[in-house]
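The values are calculated or read from the model by the stated rules, or taken from the named source; none is laboratory data. Note that the structure is predicted; figures quoted are calculated from it, not measured. A quick note on method: Cβ atoms are made from the backbone with ideal geometry, for glycine too, and the neighbour counts reach across all protein chains shown.
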Amino acid sequence: MSPKPRATRSLERDAWAMGFVDIAGVDEVGRGCLAGPVTAAAVVLPREIRIPGIKDSKVLTADERDALFAEIVVVAVRWHVASVDAAEIDRINIHQASLLAMRRAVEALAPLPGFVLVDGFRIPQLLIPQRPVIGGDRRSTAIAAASILAKVTRDRMMIAAHAADPRYGFDRHKGYATADHLRAVAECGYSALHRRSFRPPSLFDTILD
């Protein structure tokens with residue numbers, strides 16, 4: 001089996017070469033979920049310290065993500081995680097909610113970073129130089145670190161939601177539209193955590209509001 005791809009610092013080095021000092025990586029998770037928030041993280045890693053094993057959160061196990069999360073939050077120069085809840089997602093749409101969560105995460109860093117590397121998108125209304133990077137969580141260590149912080153934080157939120165209401169199995173699928181999740185929604189209806197603008201065709205005739 002080939003090793004899991006490791007993110008590098010080549011994009012950060014490009015920004016450092018242009019004279020920027022603090023480089024923040026930004027990523028979001030939960031965009032395609034049926035329930036729960038969309039969550040974004042922004043993180044500035046120290047230039048002189050490397051954290052072995054940082055990769056795109058999707059190729060890591062839950063235990064690996066938890067271990068890296070614990071190390072990143074201690075070593076990072078600055079970091080912040082922000083979320084947009086289901087009601088706001090329904091109001092402004094998931095794309096705008098994802099961008100809003102990322103902007104909130106960046107703007108909560110104090111002081112603000114000098115440059116931002118963003119996974120996939122340009123963040124509107126962000127008055128900081130930025131570079132959108134397609135596949136950034138596989139190409140940039142800072143973006144990969146942000147993906148880990150966002151993923152672990154959101155997963156923990158969904159596990160807590162399961163403890164409060166175990167009918168939907170949020171601890172297993174974290175709000176994604178698995179067969180078990182769709183079956184639970186058909187039986188129990190949407191909860192307060194569900195995005196009512198997300199209506200899978202299989203539920204059109206059975207959903208309860």
Please verify whether region 45-52 includes one or more residues that are surrounded by 24 or more Cβ atoms within 10 Å (Cβ to Cβ), under 14 Å from VAL118 (Cβ atoms) and at pLDDT 95 or above.
no
Tell me which residues, restricted to region 71-109, are over 22 Å from TYR176 (Cβ atoms) and touching a Lys or Arg at 6+ places or on another chain (Cβ under 7 Å).
LEU109
Of the residues in region 40-74, those that are closer than 14 Å to ARG9 by Cβ and hydrophobic (A, V, I, L, M, F, W, C) come to VAL43, VAL44, LEU45, ILE49, ILE51, ILE54
Positions within region 139-174 being touching a residue at least 24 places away in the same chain (Cβ under 8 Å), surrounded by 16 or more Cβ atoms within 10 Å (Cβ to Cβ), over 14 Å from LEU68 (Cβ atoms) and not hydroxyl-bearing (Ser, Thr, Tyr), in sequence order:
ARG139, ARG154, MET157, MET158, ALA161, PHE170, LYS174
Condition first: within 14 Å of ASP155 (Cα to Cα) and either in a strand (DSSP E or B) or among the aliphatic types (A, V, I, L, M) (or both). Now tell me which residues in region 35-45 satisfy that.
ALA35, VAL38, THR39, ALA40, ALA41
Can you name every residue in region 1-53 that is in contact with a Ser or Thr (Cβ under 7 Å, 6 or more places away or on another chain) and hydroxyl-bearing (Ser, Thr, Tyr)?
THR8, THR39
Between THR141, THR153, THR206, which is of a type in the set (S, T, N, Q) and at pLDDT below 95?
THR206
Does GLU48 meet the test of being out of contact with any Phe, Trp or Tyr (no Cβ under 7 Å at 6 or more places or on another chain) and outside any strand (DSSP E or B)?
yes
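Taking region 15-29 as the search range and keeping residues that are assigned to a loop (DSSP other than H, G, I, E, B) and in contact with a Phe, Trp or Tyr (Cβ under 9 Å, 6 or more places away or on another chain), which one is surrounded by the most Cβ atoms within 10 Å (Cβ to Cβ)?
Checked region 15-29; the qualifying residue surrounded by the most Cβ atoms within 10 Å (Cβ to Cβ) is ASP22.
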